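Some notes on the structure that comes next.
The values are calculated or read from the model by the stated rules, or taken from the named source; none is laboratory data. The structure displayed is predicted, hence computed values, not measured ones. Every residue, glycine as well, gets a Cβ built from its backbone with ideal geometry; the counts of neighbours run over all protein chains shown.
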Amino acid sequence: WGSWYWLVMAVLAIQIMLYLFISTSFQ
Amino acid sequence: MNSIDWIILFTTLALIVGYGTWQSRGSKNIDGYLLGNKSLPWWNVCLSIMATQASAITFLSTPGQAYEDGMRFLQFYFGLPLAMVILSITAVPLYHRLKVYTAYEYLETRFDLKTRSLAAFFFLMLRGLSVGITIYAPALILSTMLGWNINLTTVFIGSLVMIYTVSGGTKAVSMTQKYQLTIIMAGMIIAGLTAFYKLPNDITFTEAFQLAGEMGKMNLINLSFDLSDRYNIWSGLIGGLFLFLSYFGADQSQVGRYLGGKSVTESRLGLLFNGLLKVPMQFIILYIGILVFVFYQFHQAPVFHNQSLINQAKQTEYADRITLLESDYDKVFLERKQEAENLIGAIRKEDAKQIEASRKSIEEIQASEKSIRSQVKEQIAAAIPGANTLDKDYVFITFVMTYLPHGLIGLLLAVVFMAAMSSTASELNALASTTTVDIYKRSIKPIADDYHYVTASKWFTVGWAVFGMLFASIANQAENLIQFVNIIGSIFYGTILGIFLSAFYLKYIKSNAIFIAAIVAEAVIVYCYFFTKIAFLLYNIIGCLIVVVLGFVLQYLENQRIKKASR
């Protein structure tokens, strides 16, 4: 199940980068 | 509300209660009643976990929070996926292998009876008090909006939950939650789309984003490090991780959900999918608040969103002053609407100079709006002494009741009821499980048949539900009591987490050391609450660290003492 753990962490990291992009480009 | 709304609301409620009672009939043995015979697939575990965590206040308050304060609240959930990964690796296989009914049962195999009883007692304290508020908070808003009596609304919600949780136990809770969460998310998305489609000038999704961004609402990430402020990425990742580890790993309301999974794998996947979906779900709910905010750039917003309260204030001598302020607010709105249209035009032309000019002018208008709103709040507070002039919990529901078509109003009210019921059901079920397994069966009546324990669990469910409803009617009289209960999780969670972390990872620490360390940690946290200004989010970390460090020191001293004695 290691792949699931990495998937959860990767999705979180991608989301944080996406939100960082939104908050810098729309502010 | 018209007859279509009432029919939709009551039909939805009746179907859910009927379905839960019917589907879970025949839970005769204690395995069936408390664990649902461990029959849940991973997707149902996931929906159950999400429905338990999202109470009615989540869906009422969160859009209002975004409306007032922007999207920054999202950061608070960043620690959750990390907690899901850690718990999937550690807690889930352990709980499954030991075949426990509650998380606290494990503490007896790892430490001893007194540590198990202490943790169970802490849980019953924090959850027993907060179940009253889980019912009370939405009941207050619903009773205000529908003109019902607050105590009757509380009893109505509490009784609906009691019908199926008492008769069907854990299975009824999980079976109903999958439909409750589906109805909740569908209703919320429909409300968000309604706000979007009512925007003028064919404004696109991206333009709504840009407009909100220019007005400072897209403050999603704050990189500055300050653990005493909830709204930065580090508080979310570190403080949130500790909070969610204790909530999902050591709070029976959540542990009970994934103990019902078919196997270790199904329970794990349920938790991990919660880790995948939770942050996007909160993003959607916050973004609905942003859409309502953008909507109100082009439509007149009420000066105060709790309409019932402002109407009461207008019955007093302060009426003229409030009406005058309202007409000021209407004038300012017209200016702002014009500027919002200018801003959209500038965004479309990509005219940076005009965007900046419009943004500045909107900032000034917002400042004068804010000043009018705070004057109105002062007038209301003067007119009705003791009135709660915070109206962010009413922003979303007032929008729904004013602008949604009939039928959808009934659906959205059903959403609020569903969210209140799904959280309350899990909490009552967990309180009954813990009371039965960790207190009654362990220390009061250890030998009896399954039928006896199922009956006892049913009575404990009724008892906790009645306690919750009584507590809610007391809370109605005491605002500071509500604030206390809202942070009561922070008071106990740190200590409970410290006990569980030591149990999982620190084999060195034994039962006497952990018991004393936990009591000292709890005393320190209570001292912090009464005599210091430390941020509540830090309580989780402080409590946990004290338990672990002090547990180590005490165990070391104990070992030294034994060595000396044996020489």
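Out of everything in region B:187-208 that is within 14 Å of another protein chain (Cβ to nearest Cβ) and surrounded by fewer than 20 Cβ atoms within 10 Å (Cβ to Cβ), what residue ends up being nearest to B:I284 (Cα to Cα)? Write out each step before concluding.
Filtering region B:187-208 down to residues within 14 Å of another protein chain (Cβ to nearest Cβ) leaves B:204-208.
Remaining after also requiring surrounded by fewer than 20 Cβ atoms within 10 Å (Cβ to Cβ): B:204-207.
Values: B:T204: 17, B:F205: 13, B:T206: 15, B:E207: 17 Å.
It comes out as B:F205.
Could you pull out the residue among B:I290, B:I284 that is farther than 19 Å from B:P200 by Cβ and of a type in the set (V, I, T)?
B:I284
In region B:129-158, which residue that is without any contact (Cβ under 8 Å) to a residue 60 or more places away in the chain and assigned to a helix (DSSP H, G or I) is farthest from B:F304 (Cα to Cα)?
The selected residue is B:F156.
Can you work out which of the residues in region B:442-499 that are polar (S, T, N, Q) and buried (at least 19 other Cβ atoms within 10 Å of the Cβ) is farthest from B:V161 (Cα to Cα)? Please lay out each step first, then the result.
As a first pass, look at region B:442-499 and keep what is polar (S, T, N, Q): B:443, B:455, B:457, B:461, B:473, B:476-477, B:480, B:483, B:486, B:490, B:495.
Within this subset, residues satisfying the condition of being buried (at least 19 other Cβ atoms within 10 Å of the Cβ) are B:457, B:461, B:490, B:495.
Numbers: B:S457: 15, B:T461: 10, B:S490: 26, B:T495: 30 Å.
If we take residues in region B:442-499 being polar (S, T, N, Q) and buried (at least 19 other Cβ atoms within 10 Å of the Cβ), then B:T495 is farthest from B:V161 (Cα to Cα).
State yes or no: is B:L193 out of contact with any helix residue (DSSP H, G or I) (no Cβ under 8 Å at 6 or more places or on another chain), of a type outside the set (G, A, S) and in a helix (DSSP H, G or I)?
Criteria met by B:L193.
In region B:242-264, is there at least one residue being touching a strand residue (DSSP E or B) at 6+ places or on another chain (Cβ under 9 Å), within 14 Å of another protein chain (Cβ to nearest Cβ) and within 30 Å of B:T165 (Cα to Cα)?
Among the residues of region B:242-264, at least one is touching a strand residue (DSSP E or B) at 6+ places or on another chain (Cβ under 9 Å), within 14 Å of another protein chain (Cβ to nearest Cβ) and within 30 Å of B:T165 (Cα to Cα), which makes the answer yes.
Would you mention how many residues in region B:240-274 are assigned to a helix (DSSP H, G or I), closer than 23 Å to B:K171 by Cα and small (G, A, S)?
Of the residues in region B:240-274, 6 are assigned to a helix (DSSP H, G or I), closer than 23 Å to B:K171 by Cα and small (G, A, S).
Given the structure, is B:I322 closer than 28 Å to A:S23 by Cα and in contact (Cβ under 8 Å) with a residue 12 or more places away in the chain?
no
Within region B:475-517, count every residue that is under 18 Å from B:A139 (Cα atoms) and either among the charged types (D, E, K, R) or touching a residue at least 24 places away in the same chain (Cβ under 8 Å) (or both).
6
Could you tell me how many of the residues in region B:236-261 are farther than 22 Å from B:A432 by Cα and either among the basic types (K, R) or buried (at least 24 other Cβ atoms within 10 Å of the Cβ) (or both)? Break it down into steps so the answer makes sense when it comes.
At the first step, the residues of region B:236-261 found to be farther than 22 Å from B:A432 by Cα are B:236-245.
Keeping just the survivors that are either among the basic types (K, R) or buried (at least 24 other Cβ atoms within 10 Å of the Cβ) (or both) gives B:236, B:239-240, B:242-245.
The qualifying residues number 7.
With respect to B:I284, is the statement that it is closer than 24 Å to B:F59 by Cβ, surrounded by fewer than 22 Cβ atoms within 10 Å (Cβ to Cβ) and either more than 13 Å from every other protein chain (Cβ to nearest Cβ) or β-branched (V, I, T) (or both) true?
Taking the combined requirement at face value, the residue satisfies it.
Quick check on this structure: which one of B:V332, B:V303 is of a type in the set (V, I, T) and not in a helix (DSSP H, G or I)?
The conditions single out B:V303.
Take the conditions in a helix (DSSP H, G or I), farther than 18 Å from B:L272 by Cβ and either more than 14 Å from the chain's Cα centre (by Cα) or within 14 Å of another protein chain (Cβ to nearest Cβ) (or both) and apply them to B:Y106. Does it pass?
Values: in a helix (DSSP H, G or I): yes; farther than 18 Å from B:L272 by Cβ: yes; either more than 14 Å from the chain's Cα centre (by Cα) or within 14 Å of another protein chain (Cβ to nearest Cβ) (or both): yes.
The answer is yes for B:Y106.
Given the structure, is B:Y77 aromatic (F, W, Y), more than 14 Å from chain A (Cβ to nearest Cβ) and closer than 25 Å to B:G187 by Cβ?
Against the criterion (aromatic (F, W, Y), more than 14 Å from chain A (Cβ to nearest Cβ) and closer than 25 Å to B:G187 by Cβ), B:Y77 does not qualify.
Residue-by-condition table, conditions (1) more than 20 Å from B:S511 (Cβ to Cβ); (2) more than 14 Å from every other protein chain (Cβ to nearest Cβ); (3) of a type outside the set (A, V, I, L, M):
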| position | (1), (2), (3) |
| --- | --- |
| B:P81 | yes, no, yes |
| B:M84 | yes, no, no |
| B:V92 | yes, no, no |
| B:F111 | no, yes, yes |
| B:L118 | no, yes, no |
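Only one residue in B:A66, B:A51 is crowded, with 20+ Cβ neighbours inside 10 Å and within 25 Å of B:Y296 (Cβ to Cβ). Which one?
B:A66
For B:N151, only one of the following conditions fails: (1) over 21 Å from the mean Cα position of the chain (by Cα); (2) modelled with pLDDT under 90; (3) within 30 Å of B:E522 (Cα to Cα). What is its number?
(3)
Can you tell me which of B:N342, B:N274 is touching a residue at least 12 places away in the same chain (Cβ under 8 Å) and within 30 Å of B:L82 (Cα to Cα)?
On the way: B:N342 fails: within 30 Å of B:L82 (Cα to Cα).
Being touching a residue at least 12 places away in the same chain (Cβ under 8 Å) and within 30 Å of B:L82 (Cα to Cα) holds for just one of B:N342, B:N274, which is B:N274.
Mind telling me which of the residues B:L94, B:L124, B:L142 ends up being of a type outside the set (K, R), under 19 Å from B:I184 (Cα atoms) and surrounded by fewer than 24 Cβ atoms within 10 Å (Cβ to Cβ)?
Only one candidate passes the filter, namely B:L142.
Any residue that is surrounded by 12 or more Cβ atoms within 10 Å (Cβ to Cβ) and touching a Cys at 6+ places or on another chain (Cβ under 6 Å) - is there at least one of those in region B:544-566?
Taking every residue of region B:544-566 in turn, none turns out to be surrounded by 12 or more Cβ atoms within 10 Å (Cβ to Cβ) and touching a Cys at 6+ places or on another chain (Cβ under 6 Å).
Out of (1) surrounded by fewer than 24 Cβ atoms within 10 Å (Cβ to Cβ); (2) closer than 30 Å to B:L506 by Cβ; (3) of a type in the set (G, A, S), the odd one out for B:A103 is which?
Of (1) surrounded by fewer than 24 Cβ atoms within 10 Å (Cβ to Cβ); (2) closer than 30 Å to B:L506 by Cβ; (3) of a type in the set (G, A, S), only one is false for B:A103: (1).
Can you pull out the residues in region A:1-21 that are at pLDDT 85 or above and either within 7 Å of chain B (Cβ to nearest Cβ) or touching a Ser or Thr at 6+ places or on another chain (Cβ under 7 Å) (or both)?
Correct list: A:V8, A:V11, A:L12, A:Q15, A:I16, A:Y19, A:L20.
Restricting to region B:287-305, what's the tally of residues that are within 11 Å of chain A (Cβ to nearest Cβ) and not hydroxyl-bearing (S, T, Y)?
Number of matching residues: 1.
Restricting to region B:218-239, name every residue that is facing another protein chain (nearest Cβ under 9 Å) and either of a type in the set (D, E) or assigned to a loop (DSSP other than H, G, I, E, B) (or both).
Correct list: B:M218, B:N219, B:L220, B:I221, B:N222, B:L223.
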